Amino acid sequence: MVCLIGLGLHSSCDNESSAITAIVDGQLWESDSFTRALVANSGRLIINGESRTFRPMAFSLSDYNPAGEYAIDSLDNSFLFGEEVATGFYVRSSRPGQLTISELTMPDGGTRGSMKATFSLTAFNLGGDSISISEGNMDLVLSETE
């Protein structure tokens, strides 16, 4: 399984235009505390969103360009609901989720990019319990590694 990278960044003006929302087991989850989308030097896209009332949500994507449909499968594209795999929920490769990118502009030379996408998946914890995530939406500002 691909490890998700926590950015450990605090809220800043970089996230003012970024948002993630989803329905998690019937309840609205939104990144109302912090959202950051960063293209690492490796080309991997790291997305972290934090909610004031729920666990954080993170994506690590290596298969996302160009716009189109991609599997969230813990192989090329990973997902974590929680702070770590040991206590959180993640996607299993045998039950991939779906990521559909409708708009994508990559950051270039200090110019920020953007991404609009939808997602849905079922995530599991190590004990075998699951959560359903539906109606996921991303409207992100993409930055390059600083």
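The values are calculated or read from the model by the stated rules, or taken from the named source; none is laboratory data. Computed from a prediction, not measured in an experiment: that's the story for all the values here. Cβ coordinates were reconstructed from backbone atoms using ideal geometry, including for glycine residues, and neighbour counts include every protein chain displayed. Just so you know, the surface numbers come from the protein's heavy atoms only, side chains and all, with ligands and any DNA or RNA stripped out. Shrake-Rupley method; radii C 1.70, N 1.55, O 1.52, S 1.80 Å.
Data table
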read-out	value
Some residue of region 26-34 being in a strand (DSSP E or B) and at pLDDT below 95	yes
The one condition in (1) in contact (Cβ under 8 Å) with a residue 24 or more places away in the chain; (2) open to solvent by 20 Å² or more (accessible area, probe 1.4 Å) that LEU140 fails to fulfil	(2)
Pick from region 6-20, criterion surrounded by 16 or more Cβ atoms within 10 Å (Cβ to Cβ) and closer than 22 Å to PRO66 by Cα, ranking: modelled with the lowest pLDDT	SER18
Verdict on SER78 being small (Gly, Ala, Ser), over 19 Å from ALA22 (Cα atoms), in contact with a Leu (Cβ under 8 Å, 6 or more places away or on another chain) and in contact (Cβ under 8 Å) with a residue 12 or more places away in the chain	no
Hits in region 52-63 (condition: open to solvent by less than 50 Å² (accessible area, probe 1.4 Å), assigned to a loop (DSSP other than H, G, I, E, B) and either of a type in the set (A, V, I, L, M, F, W, C) or modelled with pLDDT under 95 (or both))	none
Subset of region 89-137 (residues that are of a type in the set (A, V, I, L, M), touching a residue at least 60 places away in the same chain (Cβ under 8 Å) and open to solvent by less than 20 Å² (accessible area, probe 1.4 Å))	MET115, ILE131, ILE133
Region 82-119: number of residues that are over 22 Å from GLU69 (Cβ atoms) and in contact with a Ser or Thr (Cβ under 7 Å, 6 or more places away or on another chain)	2
Filter result for the condition that a residue is open to solvent by 10 Å² or more (accessible area, probe 1.4 Å), of a type outside the set (S, T, N, Q) and assigned to a strand (DSSP E or B), over ALA71, ALA86	ALA71
In region 103-146, the residues that are hydroxyl-bearing (Ser, Thr, Tyr) and within 20 Å of ILE46 (Cβ to Cβ)	THR105, THR111, SER114, THR118, SER143, THR145
Cβ-Cβ under 6 Å pairs, at least 6 apart or on other chains, region 28-44 side free of Cβ contacts under 8 Å to residues at least 60 places away in the same chain, far side open to solvent by 30 Å² or more (accessible area, probe 1.4 Å) and basic (Lys, Arg)	ASP32/ARG52; SER33/ARG52
